[in-house]
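Have a look at the structure below, then the notes.
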Amino acid sequence: MQVLIIGSLAAELGQAAQIAIARGARLDQADGIEPALIRLRADARVDLVLCDIRHDIAALIRAMFAERILVPVIACGIGNDAEAAVRAIKAGAREFLPLPPDAEMIAALLEAAAGESLAMIAHDPLMQSTIRRAEQVARAEASVLISGESGTGKEVMARFVHRRSKRAAAPFVALNCAAIPENLLESELFGHEKGAFSGAIARRVGKFEAADGGTLLLDEISEMDIRLQAKLLRAIQEREIDRLGGAAPVRVNVRLLATTNRDLRAEIAAGRFREDLYFRLNVVNLAIPPLRERVGDIIPLAEHFARRFADLNGLPSRPLAPAVCAALRAAPWRGNVRELENIIHRAVLLAEGDEIGLAAVELPNTGAPAPNGTPEPAPSAQAAPLSALVGRTVEEVERDLILETLEHTFGNRTHAAVMLGISIRALRNKLRDYAAQGLAVPPPPGNIAGNMAAAVAV
């Protein structure tokens with residue numbers, strides 16, 4: 001991944017840079033906000049910005065927003081300064097990184113920015129078969145469509161394919177089609193020239209050009225507007241793109257990977273996805289099975305997460321109790337590996353004693369653990385206190401359900417959308433409305449600055 005550091009590398013920020021390099025990151029450096037913006041406009045491969053808090057982070061983020069540069073910004077400052085963290089998060093920073101830097105913290109930030117929070121762990125024969133198929137097609141140039149439910153690890157599989165391809169040393173660029181508003185997605189894909197639209201104050205390269213010679217991942221491609229799909233199809237067929245406002249096409253050499261959690265044939269039948277684009281993308285299909293169908297992976301994944309989150313939080317590594325393993329194997333896992341990750345993270349934080357027991361594990365749809373360690377059955381629909389809803393509007397009930405689900409998923413929007421049975425776009429719009437109403441919306445997972453801000457508020 002590529003990291004842009006804004007500030008001097010002479011002291012603590014330089015230590016952070018060295019740690020990032022040791023963890024495999026490629027670095028660029030700018031002395032101030034304006035030089036940083038020039039680099040961000042010219043290189044769409046930047047995955048993360050580390051900015052010294054002595055610079056005007058609010059001005060940086062305002063400029064990036066105005067120019068549609070969608071790269072997370074991490075504020076860095078001397079010491080564990082809660083007030084500085086609050087200022088940074090209010091300015092729009094994703095996190096606050098205390099300096100001198102902690103190696104594991106930087107590793108976690110890089111991991112989150114790269115989307116590599118899930119390791120490729122496959123003990124179950126069904127998943128091993130999928131990985132063998134992925135290795136077979138990795139060194140080809142064919143487009144690959146990776147399908148599976150939300151939370152199964154489709155982006156992890158895409159990165160696996162790239163690392164084993166002939167393009168492994170070239171850029172891997174990912175674009176989440178569900179996370180970017182429709183009116184911004186075309187510019188993100190193809191770039192734009194200065195003056196192409198209001199706010200286009202300089203030329204910017206898009207993801208296609210950034211991935212030239214390497215791999216471009218279009219994550220959740222089923223969320224792309226059908227009108228933009230036509231332009232994407234042309235780019236794939238002609239191997240050239242047109243920047244918005246550009247005078248001439250630009251040649252690109254990109255291997256395309258795409259993911260979807262929907263049935264694209266059903267989307268085609270409904271008129272929401274182009275059939276010709278489907279055939280261009282689906283040269284090879286990798287279908288990732290849901291976690292409930294790869295039971296042999298549940299415990300190895302849980303043990304991996306338990307070790308990782310113990311290390312990340314400075315806690316002792318503890319084994320899973322046998323009763324926990326049995327309960328994990330029997331759980332329905334509607335949110336798949338992402339849901340398992342969240343539950344084990346919570347369990348690592350709540351566990352007491354020499355092992356992680358059932359009392360610390362809050363499994364879905366099973367109710368709270370009983371005092372004797374046996375999960376109580378979930379209450380039936382008839383036993384639910386429906387009378388408590390009388391007199392409340394549908395909007396109020398929906399709002400509370402959405403916010404409580406988001407709390408349950410540690411702020412993970414994708415996981416919450418799966419549990420609620422709505423699209424990530426619909427969830428994002430709801431949360432934007434709630435925030436405009438002054439309601440507290442849970443921050444995304446891993447928001448250090450948000451946690452510190454909450455502590456200050458208390």
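Things to note:
- Test: residue in segment 401-421 that is at pLDDT 75 or above, part of a loop (DSSP other than H, G, I, E, B) and among the charged types (D, E, K, R): no
- Here the condition is being of a type in the set (Gly, Ala, Ser), over 16 Å from residue 16 (Cβ atoms) and either surrounded by 14 or more Cβ atoms within 10 Å (Cβ to Cβ) or within 23 Å of the chain's Cα centre (by Cα) (or both); of 58, 84, it holds for 58 alone.
- Restricting attention to segment 133-147, the residues that are under 17 Å from the mean Cα position of the chain (by Cα) and either farther than 28 Å from residue 416 by Cβ or surrounded by fewer than 21 Cβ atoms within 10 Å (Cβ to Cβ) (or both) total 1.
- Residue within segment 321-341 that is outside the structural domain of residue 224 (by TED's automatic domain parsing) and of a type in the set (S, T, N, Q) present: yes
- Any chance residue 71 is touching a Pro at 6+ places or on another chain (Cβ under 8 Å), in the same structural domain as residue 101 (by TED's automatic domain parsing) and not in a helix (DSSP H, G or I): no
- Taking segment 160-218 as the range and being aromatic (Phe, Trp, Tyr) and under 17 Å from the mean Cα position of the chain (by Cα) as the test, the residues that pass are 160, 172.
- For the criterion of being in a loop (DSSP other than H, G, I, E, B) and out of contact with any helix residue (DSSP H, G or I) (no Cβ under 6 Å at 6 or more places or on another chain), residue 54 passes.
- Scanning segment 34-54 for residues that are charged (D, E, K, R) and out of contact with any Pro (no Cβ under 6 Å at 6 or more places or on another chain) yields 34, 39, 41, 43, 47, 52, 54.
- Residues in segment 203-241 that are buried (at least 19 other Cβ atoms within 10 Å of the Cβ), of a type outside the set (Val, Ile, Thr) and touching a helix residue (DSSP H, G or I) at 6+ places or on another chain (Cβ under 9 Å): 16 in all.
- Some residue of segment 249-265 being part of a helix (DSSP H, G or I) and aliphatic (A, V, I, L, M): yes
- Check on residue 182, among the acidic types (Asp, Glu) and closer than 27 Å to residue 26 by Cα: no
- Residue 320 being under 21 Å from the mean Cα position of the chain (by Cα) and crowded, with 17+ Cβ neighbours inside 10 Å: no
- Segment 252-295, residues that are surrounded by 21 or more Cβ atoms within 10 Å (Cβ to Cβ) and farther than 23 Å from residue 175 by Cα: 291, 294
- Selection status of residue 298, part of a helix (DSSP H, G or I), crowded, with 22+ Cβ neighbours inside 10 Å and not assigned by TED's automatic domain parsing to the domain that holds residue 141: no
- Boolean, residue 277 is at pLDDT 95 or above, in contact with a helix residue (DSSP H, G or I) (Cβ under 8 Å, 6 or more places away or on another chain), assigned by TED's automatic domain parsing to the domain that holds residue 150 and assigned to a helix (DSSP H, G or I): yes
Here's the yes/no breakdown for (1) assigned by TED's automatic domain parsing to the domain that holds residue 77; (2) surrounded by 14 or more Cβ atoms within 10 Å (Cβ to Cβ); (3) part of a strand (DSSP E or B); (4) modelled with pLDDT of 90 or more:
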residue	(1), (2), (3), (4)
8	yes, no, no, no
15	yes, yes, no, no
19	yes, yes, no, no
24	yes, no, no, no
36	yes, yes, no, yes
41	yes, yes, no, no
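- All positions within segment 142-176 that are in a loop (DSSP other than H, G, I, E, B), modelled with pLDDT of 90 or more and closer than 15 Å to residue 256 by Cβ: 142, 143, 165, 166, 167
- Counted residues, segment 222-257 - those being touching a strand residue (DSSP E or B) at 6+ places or on another chain (Cβ under 7 Å) and closer than 27 Å to residue 193 by Cβ: 15
The values are calculated or read from the model by the stated rules, or taken from the named source; none is laboratory data. This one's a predicted model, so the numbers in the text were calculated from it and none came from an experiment. As a convention, Cβ positions derive from the backbone with ideal geometry for all residues, glycine included, and neighbour counts pool all protein chains shown.
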